[in-house]
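The values are calculated or read from the model by the stated rules, or taken from the named source; none is laboratory data. Since the model is a prediction, treat every value here as computed from it, not as a measurement. For neighbour counting, all protein chains shown are included, and Cβ atoms are generated from backbone atoms with ideal geometry for every residue, glycine included. Accessible surface areas use protein heavy atoms only, side chains included; no ligands, DNA or RNA. Shrake-Rupley method; radii C 1.70, N 1.55, O 1.52, S 1.80 Å.
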Number of protein chains: 6
Amino acid sequence: MGKFSHIDKEGKANMVDVGHKPPQVREAKASGKILLEQETIRLIKENDLKKGDVLTVAEIAGIQAAKKTSDLIPLCHSLQITKAEVKCTVVDDGVIASTRVKCIGQTGVEMEALTAASVALLTIYDMCKAVDKNMKIEGITLLDKTKTDLK
Amino acid sequence: MGKFSHIDKEGKANMVDVGHKPPQVREAKASGKILLEQETIRLIKENDLKKGDVLTVAEIAGIQAAKKTSDLIPLCHSLQITKAEVKCTVVDDGVIASTRVKCIGQTGVEMEALTAASVALLTIYDMCKAVDKNMKIEGITLLDKTKTDLK
Amino acid sequence: MGKFSHIDKEGKANMVDVGHKPPQVREAKASGKILLEQETIRLIKENDLKKGDVLTVAEIAGIQAAKKTSDLIPLCHSLQITKAEVKCTVVDDGVIASTRVKCIGQTGVEMEALTAASVALLTIYDMCKAVDKNMKIEGITLLDKTKTDLK
Amino acid sequence: MGKFSHIDKEGKANMVDVGHKPPQVREAKASGKILLEQETIRLIKENDLKKGDVLTVAEIAGIQAAKKTSDLIPLCHSLQITKAEVKCTVVDDGVIASTRVKCIGQTGVEMEALTAASVALLTIYDMCKAVDKNMKIEGITLLDKTKTDLK
Amino acid sequence: MGKFSHIDKEGKANMVDVGHKPPQVREAKASGKILLEQETIRLIKENDLKKGDVLTVAEIAGIQAAKKTSDLIPLCHSLQITKAEVKCTVVDDGVIASTRVKCIGQTGVEMEALTAASVALLTIYDMCKAVDKNMKIEGITLLDKTKTDLK
Amino acid sequence: MGKFSHIDKEGKANMVDVGHKPPQVREAKASGKILLEQETIRLIKENDLKKGDVLTVAEIAGIQAAKKTSDLIPLCHSLQITKAEVKCTVVDDGVIASTRVKCIGQTGVEMEALTAASVALLTIYDMCKAVDKNMKIEGITLLDKTKTDLK
């Protein structure tokens, strides 16, 4: 049972020790989608055309959520993120949130990238909930994860 | 464009005024699923049998996230939640997080229920990320939402 | 010395008891200005024309700060804000942040309105600091404050 | 439009990548003033003479706000502050908050110093709002900013 | 096993539903002591005589902690505290922190009073840790707890 | 009076500068006990046997509190914890919380270890408060503290 991150041999949870690892440049990309009705998509596009705030609010919420990841996920280490990017794009059947997070640290930033995508999509849900009663958040997943030695 | 919650006629974002609404008992239920590999599911079941912490950590994280919703979603009102319940259940292809949140207030608790489900699933992702490289979070959706007058 | 809010006869600080006051509709308006160089103002206008994010990010930061006021100001009561509005307007010599906050409660929301204005202006400072070395935040002040009995 | 910190060529907001910069000792000093009525100034001096808490509460609030800067300003990086100092001084027409913040990091601490000054002054506003109806916060500005290579 | 607050018949944790209870005036008092060496006590008294900040910093930290209780204790409800008071008193063998918290709500404020006392004492520990290697926090306990119907 | 951590010659509080210290591996261990009635201890043991959540919830709360220490203790530096471990053990007269925290940094993690123990015990208090009216938290103390040079 010791194969889980954060779970010891007795099955108990703890924040694992990453102190022995060398600091490296860590990067992770994630994405997810919120499925929306056609009328909602039309309204978001109209808002976007008129310089409206819908997609920006979601992107800002995602960036801020990346910084709060260790406060939300009990066994996550707190990290000093050097970059966080969240892009919300309207597609045929909804909005896709794509995120990219970097840090220099001893553990990866995949949870930060996934949390940013989740919260960006929840924020779109919040803004559209008066017009769309059939929203669903789908496919929150890690796209890529790299570590590079410091020069 | 004024149909969106939180978005005014010019397309700009603001927290809407809910002050004129009477306080009511509000309840919302949401759920979502994390898709896992068979070996991961086996490990979670084994952890559960041995009184391990995996599902409990996710449930606690979900409850705490419900209380932080207005801090995560920029235009959400802060509410005094009177009940929050998060249940994680192992199924054939993953784990389902089911949530139920109640408050007495002037606006609903659907975002709290959805945020609790999202963060519970992200917490399972965090604990399983060393053993499963193909996880995906799917189907975060509102199941039910009610409002009842105060007696 | 007992005239100060939050300060007792011995000069010591405490959160005062507002429990005996009836809940009322409380509203407060505040504003403040950040003085900017002409070139910075030109860049913000250009960003605004191109549907850029500068003013929106500041407005969102202000709204979120209103909700965090009791966490920032040690002796402030936490309140359930029913509305928060932050509007950033480009003027001849800078950007004005105008805020309006409402709650139903036993104490006023002036600190929430002032905090929202301060943080919106600090956010503009943050985004402009690479192009403008002479910024100054001025005139953070309460414009109006009302209380109305609940019907 | 790419000249703004945090704003890309399309005018969209993101946390910029500071990961390529070498860590340096960063220091910033800021200040601001709250204008007060003579009677309020007299009361603060009296409180100070009697070992009262007014100025100390504001100083503590400023120090804590410095640590929360990245939570308040959406595109700020979180930093590990190595020193934070806030000094509130009674002057002829009000109280001046002077701040000094240091870190070892890849980006400066000017926003931390400015946020500390703003929140210290807001805290004085909060404590004096029962006795002074004409307060105004003025001149929040950066005084100095240095970076020094690590030895 | 259903006798525990927050624990259901299966032994699982959840935030219990307090929504059916009428709001009442709730008050709780708690205290605790940090045991200190004589030299440390002498230094604190000297600091206090010279209008130093040691006891004030601890009191402010306690008040702020009361407001954060539901963020710290996973199954605590968030409450709108109407009063929080923390008093630190030097005694023969250390410092006593006495707290009093009030709210109008559906559940009591004993955890808020106990958390305020704990954090005030931890703050004294933090400030004295360079001079005293034998500190111990003792006797954190609830002194009194009342509920009164609203008029 | 300059002997206190965080207190300067005038007795005023500030976050001290740790920037000149070399980063080292820092570790601290702390513990504390909550005294419980025999019936409460029996119920906790029963809950533990049935894979109940009581001890796990307290352990998770302790781990999360370790990460929030600098937000709770005004003059604490924020640190990047590399490991946090909280173990709650039922003993004859109550429950002992034992904590271990590590970081690589310029200042120690004793406050993090002590805060984790305090919050774990407060969480047990919260869950047992319906069944036990005589709880007391005792003996929160540092067990061990080390610093080791980085290799």
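Tabulated values for the structure
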| read-out | value |
| --- | --- |
| Shielding score for F:83-89, defined as the mean number of other chain Cβ atoms within 10 Å | 4 |
| Chain D: most fluctuating residue of D:A28, D:A130, D:A113 per GNM, C-alpha cutoff 10 Å | D:A130 |
| Nearest-10 value in Å² for the accessible area of E:E37, using the 1.4 Å probe | 70 Å² |
| Karplus-derived HN-Hα couplings along region F:83-97 (A = 6.51, B = -1.76, C = 1.60, θ = phi - 60°), whole Hz, x at Gly and Pro | 7, 9, 9, 10, 10, 9, 10, 6, 10, 3, 10, x, 10, 9, 9 |
| Calculated FRET value between E:R42 and D:R42, using beta carbons and R₀ = 45 Å, to 0.05 | 0.85 |
| Hull shadow area, averaged, region F:33-149 [alpha-carbon convex hull, nm²] | 7.6 nm² |
| Accessible surface ranking that places the most exposed of E:E39, E:E112 first, with a 1.4 angstrom probe | E:E39, E:E112 |
| Other-chain or far-sequence residues with amide H under 5 Å of C:S5's (modelled H) | D:K129, D:A130, D:V131 |
| Long-range amide H partners of B:I81 with built H, under 5 Å | E:S78 |
| Whole-angstrom gap from region F:86-151 to region E:31-82, using each part's C-alpha centre | 18 Å |
| Entries in B:K87/F:K67; B:K45/B:K145; D:K45/D:K136; A:K68/F:K87; B:K9/D:K133 that, when Cα-Cα distance is taken, lie over 28 Å | B:K45/B:K145; B:K9/D:K133 |
| Within region F:101-130, backbone nitrogen closer than 19 Å to the virtual label 7 Å beyond the Cα of E:K3 toward Cβ | F:124-130 |
| Over chain A, relative contact order from alpha-carbon pairs under 8 Å, at least 6 apart, % | 38 percent |
| Inter-label distance, nm, simple model (7 Å from Cα along the C-beta direction), E:D144/E:T89 | 1.3 nm |
| Around D:A30: net Lys/Arg minus Asp/Glu count, Cβ-Cβ under 10 Å | 0 |
| Between helix D:54-67 and chain D: long-axis angle, C-alpha atoms, 0 to 90°, nearest 10 | 10 degrees |
| For region C:71-80, 3J(HN,Hα) per residue [Karplus equation, 6.51 cos²θ - 1.76 cosθ + 1.60, θ = phi - 60°, Hz, x = Gly/Pro] | 7, 8, 9, x, 9, 6, 6, 7, 10, 9 |
| Exposure of E:I96 as accessible area (Å², to 10), given a probe of 1.4 Å and all protein chains | 50 Å² |
| Helix-only mean residue ellipticity at 222 nm for chain D, each DSSP H run of n ≥ 4 adding -39500 (n - 2.57), per residue, nearest 500 | -10000 deg cm²/dmol |
| Environment charge of D:R100, counting only residues whose C-beta is closer than 15 Å and scoring Lys/Arg +1, Asp/Glu -1 | +1 |
| Of B:M135, B:M15, B:M111, the one that fluctuates the most in a GNM where chain B has Cα springs shorter than 10 Å | B:M15 |
| Heavy-atom accessible area ranking, 1.4 Å probe, most first, across C:S98, D:S118 | C:S98, D:S118 |
| Size of the protein assembly as shown as Cα extents on the principal axes (Å, biggest first) | 71, 71, 66 |
| Probe 1.4 Å, all protein chains present, accessible-area order of F:L114, E:L143, B:L79, largest first | E:L143, B:L79, F:L114 |
| Calculated from backbone phi, Karplus (6.51, -1.76, 1.60) coupling profile of region A:35-45 in Hz, x at Gly/Pro | 7, 10, 6, 4, 5, 5, 4, 4, 5, 5, 4 |
